[in-house]
1. Would you kindly give the portion of the calculated P(r) for the chain that falls above 19 Å, as a percent of all Cα pairs?
2. Each residue of region 6-22 in turn: what ³J(HN,Hα) in whole Hz from Karplus with 6.51, -1.76, 1.60 and θ = phi - 60°, glycine and Pro shown as x?
3. Grab the other residues whose beta carbon is less than 13 angstrom from that of N109, score K and R as +1, D and E as -1, and report the net.
4. Testing the spin-label approximation: label points 7 Å from Cα along Cα→Cβ at E185 and D136. State their distance in nm.
5. Counting other Cβ atoms within 10 Å, keep those with at most 15, restrict to DSSP loop, and tell me which GluC sites (Glu not before Pro) in region 127-197 are left.
6. If you average the C-alpha positions of region 116-157 and of region 31-108 separately, how far apart do those two centres end up, in angstrom?
7. Can you list residues from other chains, or at least 5 along the same chain, whose modelled amide H is less than 5 Å from the amide H of S175?
8. Only sites in a loop by DSSP and with at most 15 other Cβ atoms within 10 Å count here; which chymotrypsin sites (Phe, Trp or Tyr not before Pro) in region 148-202 make the cut?
Amino acid sequence: MNLNANIMKWTREPQNYTITENRVEIITQPHTDLWQRTYYHFRNDNAPLLQTETSEEYFSFAVKTEFESKQRYDQCGVVMYLDSENWIKASIEYENEKIQRLGSVVTNNGYSDWSSTDIDASIKSMWFRLSRRENDFGIENSTDGVNYSQMRICHMFNTAKTVPFGIYACSAEDSSFKAIFTDIEITDCKWLAHVGQAPDKD
């Protein structure tokens, strides 16, 4: 079902945005980001997040992103933000006039990792889908909102029964761009249970 963006709540409300029932526009502010420690010990936890929450342990959240990014690390996408040291994000991050990074970051216990693949810089739209199965999460992307490709499967060590999730946009360097979010929906879990290999016995 479509998720009314008006009922979602800000963590760090941006200065410039508009919200209607199924459309959110954010103008990013410079030097905003989500990253914790890993690789070069940099920490930044000031990106604006627009989230709702649910205690459902099996669900999927999907959204279409459109963006006018133009500076390195300009990004927008989906997020599941528990607190400053435990969160997931998936997005396209602008790199240069040739490539962007389609990727995801998982942060557990204050340390971020980044998994990405290079895509063409001309791409200016992408659907993302975040799914929960108890304390495990799956992230997918799609160019048409119908056919999704797996990006990431991960475990969150500090997940509560009720989890917040939604969208974010930020510009880590001295930049600003418009991010547009539409087709916002929450559904039954689209990430199907694994069939085949039996789990190990404890």
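1. Roughly 58 percent, rounded to a whole number.
2. Result, ordered by residue: 5, 8, 7, 10, 7, 10, 6, 4, x, 6, 10, 7, 9, 9, 10, 4, 10 Hz.
3. -2
4. That separation, rounded to one decimal, is 2.5 nm.
5. Answer in residue order: E134, E173.
6. Region 116-157 and region 31-108 have Cα centres separated by 12 Å.
7. H31
8. Passing both the DSSP loop test and the Cβ count: F157.
The values are calculated or read from the model by the stated rules, or taken from the named source; none is laboratory data. The structure presented is a predicted model; accordingly, all values stated were derived computationally and were not measured. Reconstructed Cβ throughout: ideal geometry from the backbone, glycine too, with neighbour counts over all protein chains shown. For accessibility, only protein heavy atoms count, side chains too; no ligands or nucleic acids. Shrake-Rupley method; radii C 1.70, N 1.55, O 1.52, S 1.80 Å.
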